[in-house]
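Comments concern the structure below.
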Amino acid sequence: MKREIPLFITFFVGTLLIIAVFIPPIENIEKTFTLFFDIIAVFAFFLGGGNLIRVHVHKLVNGKKDWVYSLVTLGGFALMLIAGLFKIGNDGGIAASVTAEGSWFQEIFNYVINPLQSTMYALLAFFVASASYRAFRAKNKEATILLIAAFIILLGRTPFGMMLTGWIPDSFSIFQIPNLAIWIMNSANLAGQRAIMIGIGLGVVSMSLRLILGVERTYLGEEGK
Amino acid sequence: MDHFSLWLAAFLTLGIISFLYKDNPWYKLTEAIFIGISAGYWVVTLYWDNFYGKFWVNKGEEPTLWIGAFFGFLMLLRLIPKVGWLSRWPLAFIVGATSGLWLMNYFASNIMVQVQATIMPLFSTGYGTGFDADFATIVANFVIFFGTLTGLVYFFFSKEHKGAFGVGAKIGIFFLMITFGASFGYTVMSRMSLLIGRIDFLFGDWLGMIQ
Amino acid sequence: MSTKVKEILAVVAITIFCLVFYIGKINGWETIEFSFTVSMIVISLLVLSLVWILILTIKGNLIERRIVFLFVGIAVTLPLFMGISQKISSSPEVVSLYESVDALPAGSKVLISFDYDPPSAPELQPMAEAFIQLCFEKNLKVITMGLWPQGPQQANLAFEKVFSSEKLKGRKFEYGVDYVNLGFQTGNEFVVQRMGSSFKSMFPTDYVGNAYNDLPLVKNIKNFSNIDYCFNLSAGFPGTVEWIQIGVDRFGVLLGAGNTAVQAPQIYPYLNAGQLTGLLGGMNGAAEFEKLTEIPGKGTKFMLSQSFSHMVVIAFVLIGNVAFFMSGRKSMLEGNEE
Amino acid sequence: MKNIFSIPILVCLVISIPFSIFAQEKQSDSLIETSKVIAEPATSLIVSDYKYDNGNSLKLNWVPSIDDQLPAGKVTGYELFRSVNGGGFERIAEFPPQKNSFQDDKVEIGSSYVYYIDALSKDTATSSAKTELINPEREWFNAGKIPLLIMALIIAGSIFYFIETARRGKTLFVRKIAGLEAIDDAIGRATEMGRPILFIPGIQDMDDVQTLAGLTILGRVSKVIADYDTRIFMPVSRSLVMTAGRETIKAAYQSAGRPDAYSDDMVNYITDEQFGYVAAVDGIMVREKPATVFLLGAFFAESLILAETGNSIGAIQIAGTARPAQLPFFIAACDFTLIGEELFAASAYLSGEPKQMGSLKGQDVGKAIALIVILIGVIAATFSTAWDIAFMTSIYDFFTTIFSVSK
């Protein structure tokens, strides 16, 4: 029972969704299932959120190193919960949209989460540079090709490309770097993308089948019984 | 933006940037704020959008939604060790739904569409247009054709990359590398502009040094 | 002096610097702009330090990661102070986007989907502003929406910016008649699909809470067949790919897209297949579009900084490789800084 | 009493409406006669239910106007009008000259529709006769998707076939995948150094198949980890992934015979927010200094932040994703990278079970079919376009039909 029912559920749901593609009256069943997923995700959040609280309270109570930060995390979590669930500061009260302008929830998003998100994202610029310096080496043929392609696209997308190769006559304009960059995007890049996409498609089909048929069942904790 | 919110945003921005120097109390504080606030943000969003908006409001009209809620409830049974195994049901449901959905979607959009898109005449700009392609387009067509084929050869699992097959796979990996190079070239650009955005905030909006 | 003391001093120095300029800002200090000569000196200093990094790298081991970070920070910041402009070309996909919008008759309804959030704003916001302004200049009606929660807010920011622009200053735009912001709806690609049968079912109210039927611009819009053009600003999923797969393929909308530079390579196959009327890729695309539409904005302003940052990346790749070959390929392969 | 007088006025008004319309038509007719170019209308406009759908489309066919000749007929295009449930007519589509059919897939079951089509000339439009009232109907099988079904059956069938063949004991060869060969060494290294292993299953939820792929690999990896008695740590950004991750690791520890060594603390939820999660994982990396980092799942912009931070602490990194835009960064900053399909093949490969290996062989059949179809298709398209060879044209048509995805 413990073992067969989950396997059957996976098989049934998976097969139903595949068949639904061909049966017009139930072709919208995927929407219903997506809704189920969203609802399950909310319930699961009790586990996730609960875990977050547990971990940090644990640190706090045991006075572990850096417990202050756990306090801050818990405080932020609680603040956001109260602001959002009770819609504090919303003009329309509890009936208004939670993200209404002027509400605490939205204000905190704008002035705290927003700069944090953007800055964390922006750190990428630094990492791109250090990776370029350290890792993009013409170690072998493959790496060299990657480098050359990256180089042409980089140059082509900036005015430097035109500055470097603007002297090439128009009849050979394809060799001007910006044009070459576009040409590569539309040819070799496209070819590689397609091969990867077809491969991924087959990989997904195969893995999904393994899951639906119950060949792959590690996620259910079934292995080795 | 008033003074407080500007300074708060700047404080948090610099806190994150300080990580580049090394892990430090400022970063740890920023990180703690980030985790707490954003986790709270998501609970609230999930609650209002998914639970309230998708379930609570519509549960009368669409009784099937109760199945979703039931699965969600089973998920919570994890907290009771004795019946914890029941939480595998919703997991099984999710895995089944994801597999079924993605199988057909990927089959159609990644395999069928891409194969069909690659079937094209080599000396023309499109099907049925005659010899109308210029040299660059013809070369591009050949490149797409051979690149896609050899790229696929690279991914073969049941054949050793040896002999003629190995040569194909080798050429294939070259094409994959060009794709990665192109992605890299493009990506770098995007990443840099994000940093520019932040610096514009710091020196423009905050300190008013640039226009 | 111990490292700790130095670090604290640095923090104090930065704080004082910021305070001084902040107080200056409040007291109405002018913004700083380098003259041509100063700009050139700064540029040469940057180049010199790159040469210095090259020499260091060739001589010994790799320079420390943090120096790379510092250098990038400086190279991106300083150009924002420079008063030099640079030439901007125009790529075919940008021109075709412009032309397809230009061809729309006055009064056409344009749907703009804001599928991004603030982190992607530096790239996409300039596109949004230029596109909306172009629409208003051509007397098109603008309807905005978002598949991302923060999208509609970005739309409002863009509207504000556009209304305060020089060209449109004298004109009045009435909410509900000339433009509408429908807001955000959860459901990712399903939103697009459901909009295929009814806009109203997805957006019973607009962003501020007006009922759909109370808005003169949209009340007669049932689905995509009443929309003349769609434009999608996308930073990932859900975004351009979903709009193409559902909006274009199923409902036959005319679609143009603005993408972050990361997204753009994945969109090229669709552009190639004719499913898109045009594409703006990254800051470059934004700057080109601004030039075509003669609406200068942040895209153009950031371009110099952007070019510098690219030059730095290119320089770092070159330095890494030059050093790699000059100091014998083997030894550097194992090289680990710090 | 006043109201009584208004009734006849109202009646008169209502009666006069058709006359006023008629009058307008008359007026416009007379205008045309004087100077404008008139085109004959399109004829035989027929609407029929589109079979194979859920009652959401109708098919329209018509004979183009006799004035619609290429290159220079009077007709400049067509406009299609539709009325829903007896309401007013609205323009729903326009076409270039010579077009003679259209599929309206914006109809709803339960409503009735009437159409007419206008032939446009330079100055004016002439309308065809209206169609009969039609209701879209629902069908139980989408015959338009037969090609999709056939191809799906062929490819899924071959995967299934090889799974079965392998199950019956036939050994199938699968080539080495470098990243996967390195897993044992990477875990061994962490054991030697006495440092933990960090596993990151991407930042998407369980509704992304890449996350599932990551978790299936986690199952294999954590079994080895249990054998080596090393610590594993898995911060996740989704509650569901946390639950599934715990379940997976627990099972692996059980099957390795070490259920006592498992603890729920191995898997922790951080936050759903993409960059909040990244900020936390970066912190964990520099503080815990894991010896080995696995990055397997769906990654977005954070790929390089994580991979570079992992690199800076000197960890061995094994990464894999199906997102092409992130692959170059993994290739640059990680020691081994699973590219696209390899990510999905990994758990089958690592399991070492014959039936799982069989599915990989099945995938190869799919690739072989794609290869052959592209090869023959391109040749056919080339010859057909260039020299108009009928035989080639039919091959081309066959392949494009078979690989078409109907909506």
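The values are calculated or read from the model by the stated rules, or taken from the named source; none is laboratory data. Because the structure is predicted, anything quoted here is derived from the model rather than measured. Here the Cβ positions follow ideal geometry from the backbone for every residue, glycine too, while neighbour counts run over all protein chains shown. Areas reflect the complete protein model, heavy atoms only, side chains present, ligands, DNA and RNA absent. Shrake-Rupley method; radii C 1.70, N 1.55, O 1.52, S 1.80 Å.
What whole-number value in Å² describes the accessible area per residue of region B:111-188 for a 1.4 Å probe?
34
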**Occluded residues from region D:191-216, i.e. those whose accessible area drops by 30 Å² or more once the chain is not alone (1.4 Å probe)** = D:Met206, D:Asp207, D:Val209, D:Leu212, D:Thr216
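With a 1.4 Å probe and all protein chains kept in place, how do B:His3, C:His310 rank by accessible area, largest first?
Values: B:His3 105, C:His310 0 Å².
Per-residue accessible area, sorted high to low, gives B:His3, C:His310.
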**Message:** Ignoring solvent entirely, what values of log10 I(q)/I(0) come out of the Debye formula for region C:148-205 at 0.30 Å⁻¹ when each Cα is a single scatterer?
**Reply:** -1.24
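Quick one: ranking A:Asp66, D:Asp49 by accessible area, 1.4 Å probe, largest first, what do you get?
Numbers: A:Asp66 50, D:Asp49 20 Å².
Descending accessible area places them as A:Asp66, D:Asp49.
Hey, what does the equivalent ellipsoid look like for region D:266-407, semi-axes from the Cα gyration tensor as sqrt of 5 times each eigenvalue, largest first, whole Å?
Details: eigenvalues 385, 67, 38 Å².
Value: 44, 18, 14 Å, ordered largest first.
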**Asked** In Å², nearest 100, what accessible area do chains A and B bury in total when the solvent probe is 1.4 Å?
**Response** 9800
**Over chain A, relative contact order from alpha-carbon pairs under 8 Å, at least 6 apart, %** = 15
**Asked** Which Rg and Dmax, in Å, describe the Cα atoms of chain B?
**Response** 27.2, 73
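To the nearest 500 deg cm²/dmol, what mean residue ellipticity at 222 nm is calculated for the protein assembly as shown from DSSP H runs of n ≥ 4 alone, each contributing -39,500 (n - 2.57), summed and divided by the residues? Can you show the working numbers first?
Working: 41 runs with 653 residues, N = 1181.
Value at 222 nm, helices only: -18500 deg cm²/dmol.
Note down the relative contact order for region C:63-143 as a percent, whole number, built from C-alpha pairs under 8 angstrom at least six residues apart. Please report the intermediate quantities before stating the final value.
Numbers: 29 pairs, mean separation 28.9, N = 81.
Computed value for region C:63-143: 36 percent relative contact order.
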**Message:** Cβ neighbours within 10 Å, averaged per peptide: list C:80-86, B:39-45, A:203-209 in order, most packed at the top.
**Reply:** A:203-209, B:39-45, C:80-86
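Can you pick out the pairs among D:Lys170/D:Lys361; C:Lys109/C:Lys161; D:Lys145/D:Lys355; C:Lys87/C:Lys298; C:Lys138/C:Lys167 whose Cα atoms lie more than 24 Å from each other?
From D:Lys170/D:Lys361; C:Lys109/C:Lys161; D:Lys145/D:Lys355; C:Lys87/C:Lys298; C:Lys138/C:Lys167, over 24 Å: D:Lys145/D:Lys355.
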**Fill in**
Shielding of C:75-81 by other chains, given as the mean Cβ count within 10 Å, works out to 5
**Item:** Helix C:3-26 axis, angle to chain C major axis (alpha carbon atoms, nearest 10°)
**Value:** 50
**Complete:** Within 10 Å of the Cβ of an average residue in B:134-147, the count of other chain Cβ atoms is 5
**Request:** Quick one: grab Rg to one decimal and Dmax as a whole number for region D:189-333, Cα atoms only, in Å.
**Result:** 13.9, 41
**Message:** Quick check of the Kirkwood formula: for region A:77-204, what is the inverse mean of 1/r over all pairs of different Cα atoms, in Å?
**Reply:** 19.5
**Fill in**
Rounded to the nearest 10, the angle in degrees between the Cα long axis of helix A:67-85 and the longest principal axis of the Cα atoms of chain A comes to 80
**Request:** Could you look at region B:1-76 and say what percent of its accessible area is carbon and sulfur, using a 1.4 Å probe and all protein chains?
**Result:** 73
**Asked** Relative contact order for chain B using alpha-carbon pairs under 8 Å, separation at least 6, rounded to a whole percent?
**Response** 10
**Complete:** With every protein chain in place, the accessible area of A:Ser173 for a 1.4 Å probe, in Å² rounded to the nearest 10, comes to 40
**Fill in**
For B:Trp102, the accessible surface traced by a 1.4 Å probe with all protein chains present amounts, in square angstrom to the nearest 10, to 40
**Message:** In Å, what Kirkwood hydrodynamic radius results for region D:134-204 from the alpha-carbon pair distances?
**Reply:** 18.0
**Prompt:** If you count the DSSP beta bridges with both ends in the protein assembly as shown, what percent of them are antiparallel, to the nearest 5?
**Reply:** 40
**Message:** Roughly how far apart, in whole Å, are the Cα centres of region B:58-123 and region D:279-340?
**Reply:** 27
**Prompt:** When each pair of different Cα atoms in region D:80-184 is counted once in the 1/r mean, what is the Kirkwood radius in angstroms, to one decimal?
**Reply:** 19.6
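Mind checking how much accessible area C and A bury in total, 1.4 Å probe, in Å² rounded to 100?
3900
Residues of region D:142-258: accessible area per residue at 1.4 Å, in Å²? Numbers along the way, then the final one.
Numbers: 4080 Å² over 117 residues.
Counting only protein heavy atoms, the per-residue value for region D:142-258 is 35 Å².
From largest to smallest, what semi-axes in whole angstrom does chain A give when each is the square root of 5 times an eigenvalue of its alpha carbon gyration tensor? Walk me through the numbers on the way to the answer.
Details: eigenvalues 390, 226, 104 Å².
Taking √(5λ) for each eigenvalue gives 44, 34, 23 Å, largest first.
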**Asked** How would you classify region C:121-247 from its alpha-carbon gyration tensor, with a ≥ b ≥ c the square roots of the eigenvalues: rounded for a/c under 1.5, else prolate if a/b is greater than b/c, otherwise oblate?
**Response** oblate
**Item:** Average partner coverage of D:248-260, which counts Cβ from other chains inside 10 Å
**Value:** 3
**Item:** Cα gyration tensor shape for the protein assembly as shown, rounded if a/c is under 1.5, else prolate or oblate
**Value:** rounded
**Item:** Surface share of carbon and sulfur [accessible, 1.4 angstrom probe, percent] for chain D
**Value:** 58
**Request:** Mind ranking D:Ser255, C:Ser44 by accessible surface for me, highest first, 1.4 Å probe?
**Result:** C:Ser44, D:Ser255
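Quickly rank A:180-190, C:2-12, B:10-20, D:37-47 as a protection proxy: mean count of other C-beta atoms within 10 Å, highest first. Walk me through the intermediate numbers first.
Details: A:180-190: 23.7, C:2-12: 10.3, B:10-20: 21.1, D:37-47: 17.9.
Ranked by mean Cβ neighbours within 10 Å, highest first: A:180-190, B:10-20, D:37-47, C:2-12.
When ranked by the protection proxy of mean other Cβ atoms within 10 Å per residue, highest first, what sequence do the peptides D:373-379, A:133-139 form?
On the way: D:373-379: 19.9, A:133-139: 21.6.
Result, highest mean Cβ count within 10 Å first: A:133-139, D:373-379.
Count charges around B:Trp66 for me, please; just the other residues with Cβ under 15 Å from its Cβ, Lys/Arg as +1, Asp/Glu as -1.
On the way: positive: B:Lys54, B:Lys59; negative: A:Asp38, B:Glu61, B:Glu62.
Local net charge: -1.
Computing the accessible area with a 1.4 Å probe over protein heavy atoms, can you report the carbon and sulfur percentage for region B:88-211? Intermediate values should be presented prior to the final figure.
Working: 2360 of 3570 Å².
Taking all protein chains in place, region B:88-211 shows 66 percent carbon and sulfur surface.
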**Request:** Enumerate the whole-percent occupancy of each 20 Å bin, from 0 to the last occupied one, for all C-alpha pair distances of chain C.
**Result:** 26, 46, 25, 3
**Request:** Please give the solvent-accessible surface of B:Thr98 in Å², to the nearest 10, using a probe radius of 1.4 Å with every protein chain present.
**Result:** 10
**Asked** D plus B alone minus the pair: what accessible area, both sides summed, probe 1.4 Å, in Å² to 100?
**Response** 5900
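Excluding ligands, DNA and RNA, what is the solvent-accessible area per residue of region C:106-161 at a probe of 1.4 Å, expressed in Å²? Don't skip to the end; give the middle numbers.
Working: 1140 Å² over 56 residues.
About 20 Å² of surface per residue is accessible.
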